[in-house]
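A short reminder: the numbers here are calculations on the coordinates, not readings from a lab. The shown structure was predicted, so the numbers you read here are calculated from the model rather than taken from an experiment. A quick note on method: Cβ atoms are made from the backbone with ideal geometry, for glycine too, and the neighbour counts reach across all protein chains shown.
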Amino acid sequence: MLVNTLRLRGPAAPARLAAVLTILVAVIALAGWMLDLRLLVSIVPAAVEMKVNTGIALICSGLALLILCDGASLRLEQCAQILAFGVALLGLGTLCEYVFGWNPHIDELILKDASPRYTVFHGRMSPLSAFAFTALGLALGIMRYRALRRLAAAGAWFAAAIAATSLLGYLWYAGELTTDRWLPPVALNTACGFLLLGIGMLLSPRVSEAGWAQELTALPSVEKKTLLGFFAGFCLLLVGGGVTYRANVEFATSSSRVARSQEVRATLAAVRASLAGADLAERDYLLTGDPARLEEYRTLKDEVETSLTRLAGLTSDNPVQRKNLAGLESLVSAHLEDLAGSLNAFAQSGLVAARAVLAQGRSLGITGQIRLKADVMDGLERGYLTARQAEAARIRDTTLVSLLVTLAVAAVVFIALFGAIHGEMRGRRHSESELLEANRFLDSLIENLPVMIVLKDAKTLRFVRQNRAFEQFTGIGREQLTGKSAHELFTADEADFMVAKDREVLANGAVVEIPEQTIRTPHLGERCFHTMKMPVPGQDGRAQYLLAISIDITQRKLSAQAVHELNAALQGKASQLETTNKELESFSYSVSHDLRAPLRGIDGFAQMLEEDYFEKLDAEGRRYLAVIRQASRRMGELIDDLLALSRLGRQPVITRGIDMDDLVREVVEEILGLHGGVPPEVVVGELPPAEGDAGLLRQVWTNLVSNAVKYSSKATQPRIHIEGTRGGGELRYSVRDNGVGFNMEYAGKLFGVFQRLHRHDEFSGTGVGLAIVQRIILKHGGRVWAEAALGEGAEFSFALPAVVHAAGGGGERGVGS
C-alpha cells in the first residue's frame, strides 16, 4: 500500500513530489545535525539553522501529505492524521512557550542545540515556524473531509505565505527577517519546506476540489491575461524591491562611513585646535597671571581628551587608524605633561622656571610630531572619504539604473499586458456587438413571428416572457402578463389542462405536442391551437424554463372542414357528370350510327338518280343532285369526326418511348402520297424523342401536317417547317407553313368543335381536327397553341412533359419537293 502511495503519477503527482522533496530537505538538515555539518543545517553560512524539532515536524508533515493527497486505505489515512495533529500540537506547544514564557525543554528532547551562534532560545523553532506547523498540521488533519477542504486550503495558503515572507528576506538580504536579533527567524531550508508543503497541499486533488483550481482554470481569457500580467508585475516588484532595498542599505552604510570619515577629520581638527588653544591660554596665564586664562587652559585640555576619546570610538573598526591614534594619544599626553610641568614650575619658582620647562619640551619637537601624526590620520581619512564618496556615488548610480531598468521592464510588461487586454476587450466588444445584433435580430424575429411564443419559469410555471402574438391573443399588455400564471388568464379547465401538460414536459424532459387545443377568449371567441412544449435547460442541465409555441389553426381547421364539404359536393357532382358523360357518349354514338343509315340511303338514292336519270334531268336538277350527294358526304365526315372525338374520351393513353423523328417522317410521306396537287417543300428539323401514346400522337401530327399542307396549297412555293426543342422541363414541337394564316383575334376559336376561320368552299374540312389535337395533347399532360398572321402563314405548336430518352433523328433535311 505504501508503495502505491509513493507513485509519482496521476493527478496527485505534484503533491507527492512536493511531499518527497520536503522530507528530503528535512532529512538533509537532520543529517547535518548528526554529522555536525553546519552547512547542511543552515544552507546559507552564518544564517539561521533548521532546528531538530523543525526537521522532525517537516518529515511528519511530508509523510502525512504523501498519504492524504489522493486517498489511501483508511488505516493509513488515520495514521497520517495522527502525524498531522502531532505536528499541530508541537507548533501549538512552541507558541505557548513563547507566549507564556514556559520552558518545559521540549525543544531539545532528542538532540541538544550545539550551535556556536548565539540564540536567545536554544533548540527552539521560530514562532513563525510554530504558526506554520500549527496551520499545516490542522489543514493536513482535516483535508480528507470534503466539507472542510476550503479550511484546509486556507491553512496551506497561510503556511505558504510565511514561507514566502522568509524567502523574501533571504532574497532581499533583509537581516531583520533572517538574523537572530530578538526571536529566532525561519531558516532558509525550513522556509523551502513550508513552501513545498503549502503548494503540495493546494495542488492535491482533495484540496483542489475545494473549487479555487476550477475557478482559476475557468477564468475568461482576459482575466487570465490580467492575472498573468499582475503575477509578472509582482515578481518584477519583488526583484526590483530587493535590489532597491539592498541598494538603500548599502547606500545608507556608505553614507554612514562618509559621515564617520568627515567626523574623524573634524575631530582631528578639533584636537589640534583645542591643543593649540591650550598652549596659547597657558602662555597668556604665565605672562599675565590671569586666573581666567588658567581656567580656559583647563577647559581646552578637557576638550582635547574628549576629542581623543571620540576618535577612539570612531576608529574602533580601523586597525591602521587605531595604531595612528595610539601614537597621537602618546604624543598629546607627553605634550600635556609638559604643559602641566610648566604650570607646576611657575607655581613653585616663577616665570623663569616655567619657561625653562617649556623650552625643554620644545627642544624635543613634540608639537611638530603631533601635527605630523594628525596630518597622517587626516590624509588617511581624506582618502577614505574620497573612496567612500565614490562608493556612495556608485551605489546611487546603480540604484538609479536599477530603478530605471525596473521601471522600463515594468512599462514593457504593463504595455504588453495592456495591449493583450486591449486586443481581448476589442475582440470582446466586437463579439458583444455581434451578439447584441444577433439578440436584436432574434428578439425581432420572435416578436414578429405569426405564432405565439411563451416562456415560463420551470419552478413556478409563471410567465417570464412572451411575444407580440400572445399579447394580441390575450388582449393584455406585456407588463401585466409577466409574472402571471395560467389560472389567472384562462378558465379553470383550460388552465388545468395547460399545467398538466407543463408538468408532463418537466417530468419527461422531452417535447410534448398538443395537436389541437381549444381556448375561449373574450375578444376573439373560440380559437383552436396546435401547441408544442419543451424544457429549456440551464447551466446545470436541469430545466430552468419551459418554452411553449402555439400556432392558431382555427382558419385551417375551418378551411379543412369547408374543403371536406366541398369535396363531398364535388364527388356528387363528379358522379353526376360521369353519368351525364356516359349518357352523352351513348347518345353521340347512337345518334352517329342512327344518322349513318339515312345518310347512306340519301346518298345511294341520289347516286341511282344520277346514274339512271342523269339524261332526263336538266342542268339545275343535276346541280341539285350533286349538292345532295356532297352534303351527305360532308355529313358523313362530320359523323366520323364526332365518333373519333367521342372515342378519345374513352380511349386510355398507352405510354412508351417514341422516336418523334421517325413518326413525323412516316406521317409526312403518307400525307404527301395522298396529296393530289403540287407537293409543298417539307423540312423536318431535329425532333427530340418523347414518351406517350404513339397512335394518338400520330393522329396529332397527321392533323397538324394535313392542315399545313391544305392551307399552304395556294401559296406560290408552299413550304412547311417542322422542328422541336427541349427546355423548361418540357418538349416543344411546331409545324409552320407559309399559307393563308388567320387573324389572331379568333385564335381562341381554333380548338373548339366545328370552329372554322375559312369558308368551306375555300378549304375543305369539318372543324373537328384541331379539337382532337387539343384533347390528345391534354390527355398527355401537355399544352397546345397557335400563332399566325393573315397572308403570312401560321405556326401550330404543342408541348409535352420532358423525359430522359435516347436521342433520335438527325439534322434538317427535306422530304418531297
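What ranking, highest mean first, results for peptides 780-792, 329-341 when packing means the other Cβ atoms within 10 Å averaged over each residue?
Details: 780-792: 15.7, 329-341: 17.2.
Order by mean packing, descending: 329-341, 780-792.
Per-residue Karplus couplings for segment 457-474, computed as 6.51 cos²θ - 1.76 cosθ + 1.60 with θ equal to phi - 60°, are listed in order as 6, 5, 7, 9, 6, 9, 5, 9, 8, 8, 9, 5, 4, 5, 4, 5, 5, 7 Hz, Gly and Pro entered as x. When the chymotrypsin sites (Phe, Trp or Tyr not before Pro) in segment 430-505 are filtered for DSSP coil states and for at most 15 other beta-carbon atoms within 10 Å of their beta-carbon, no site remains. Taking Cβ atoms as reference points and 15 Å as the exclusive limit, the residues near Arg265 contribute a net charge of +4, counting Lys and Arg as +1 and Asp and Glu as -1. Summing Lys and Arg as +1 and Asp and Glu as -1 over all other residues whose Cβ lies under 14 Å from the Cβ of Asp317 gives a net charge of +3.
Could you grab the relative contact order for segment 423-531? Cα pairs under 8 Å, six or more apart, rounded to a whole percent.
Result for segment 423-531 is 15 percent.
Can you tell me the dipole magnitude for segment 449-545 around its Cα centre, using point charges on the Cβ only (Lys, Arg +1; Asp, Glu -1), in Debye to the nearest 20? Each step should come with its number before you reach the end.
Details: 13 positive and 13 negative charges, 62 e Å.
That gives a dipole near 300 debye.
For Gln472 and Glu504, compute 0.36 nm times the residue count separating them, minus their Cα-Cα distance, and round to one decimal in nm. Don't skip to the answer; put the middle values down first.
Values: separation 32, 0.36 × 32 = 11.52 nm, distance 2.72 nm.
Working it through step by step, the gained length comes to 8.8 nm.
With 30 Å as the limit, write out which pairs from Lys501/Lys557; Lys301/Lys373; Lys557/Lys779; Lys616/Lys710; Lys714/Lys779 have Cα-Cα distances beyond it, or answer none. Pairs exceeding the cut-off: Lys557/Lys779; Lys616/Lys710; Lys714/Lys779. Less than 5 angstrom separates the built amide H of Val682 from those of Ile720, Val815, all sequence-distant by 5 or more or on a different chain.
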